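Since the structure comes first, as structure tokens, the remarks are kept for the end.
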Amino acid sequence: MSVNCRNIVNLSQSTHMDAIEKQHIIDQLQELRLVPVVSLPSVEAALKLAELLVRCRLPVIEITYRTACAVEAMTQINKKFPELLLLAETVLTPDQVDSAIKAGAKAIVSPGFTPLLASYCRDKGIPFFPGVCTPSEVQMAHEAGFRSLKFFPAEHGGGVKTVAMFKTIYQDVKFMPTGGIKQDNLMSYLEHENILCCGGTWLCPEELMIAGQWTEIETRLNEAVQLLEQ
Ligand code: 3PG
């Protein structure tokens, strides 16, 4: 009996601790409502984009581990643009967690949920947003104490209909949908109260950065910010 009680207390304490550690990041994401997910072709492009994000009043960037310069880009952005909320995305291993945090990332985002990454981040007190797409994945993340989850790939996973269904079932969970979100469906997600913020690559796609199409990127950022401010 006493052992059971202790277990319950330990679980609730660790869940609460997780919430406290992440709360300041969650507050910022809730306010921003939109996060550009970016695969950077070079550090030079990273810095140019960071400057643009600040100028366009969207001071947040989620850098994927899908290109070779990711860690150096995070380091440089953290140094030169501390006003940007810096997140690391496509984090798949504990080594990547460590390198992202060392480079200055304020939180870790992963496309999926694994007990290994979840416990690694929790044990180190690192804000972690695991990805989920199905009820079982939501419940696994919930059991591990997470209440703010990436919903990926959102459009393939049923889009706003799934978001609405999750709300009726998982009433204390907030979602960050990414995957197929663009200017024309952004607001249909944001109108749901269980959405923390949305993310997407459409704002600053790698191919536009490679082609040097910064005017087009700036236009996309401005259009998105205008939509959010309406
Ligand atoms: C992600 O990692 O969140 C996705 O690549 C974003 O999906 P999108 O390219 O459809 O925006």
Top positive-direction residue, dipole computed over the stretch 31-229 with Cβ charges, set 114, 183, 202: 114
Ratio Rg/Rh, restricted to the stretch 31-229 and using Cα atoms, in which Rh is the Kirkwood radius: 0.95
Relative contact order, percent, the stretch 31-229 [alpha-carbon distance under 8 Å, six or more residues apart]: 20
Helix axis angle, 159-169 relative to the chain longest principal axis, alpha carbon, degrees: 20
Likely footprinting exposure, 209, 74, 187, 140, fewest C-beta neighbours within 10 Å first: 187, 140, 209, 74
Residues in the stretch 142-158 reached by a label modelled at residue 134 [backbone nitrogen below 19 Å; 7 Å Cα→Cβ]: 142-144, 149-158
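Could you work out [θ]222 nm for the chain from helices alone, using -39500 (n - 2.57) per DSSP H run of at least four and dividing by all its residues? Round to the nearest 500 deg cm²/dmol.
-16500 deg cm²/dmol
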Cα centroid separation, the stretch 30-52 to the stretch 140-198 (Å): 22
Degrees separating the helix 115-124 axis from the principal Cα axis of the chain, which is the longest one: 90
Close Lys-Lys pairs in the chain, where close means Cα under 18 Å and separation is 8 or more or interchain: 20
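Throughout, read-outs are computed from the coordinates displayed, never taken from laboratory work. Keep in mind the model is a prediction, meaning the values are calculated, not measured. Methodologically, a virtual Cβ is constructed for each residue, glycine included, from the backbone with ideal geometry; neighbour enumeration extends over all protein chains shown.
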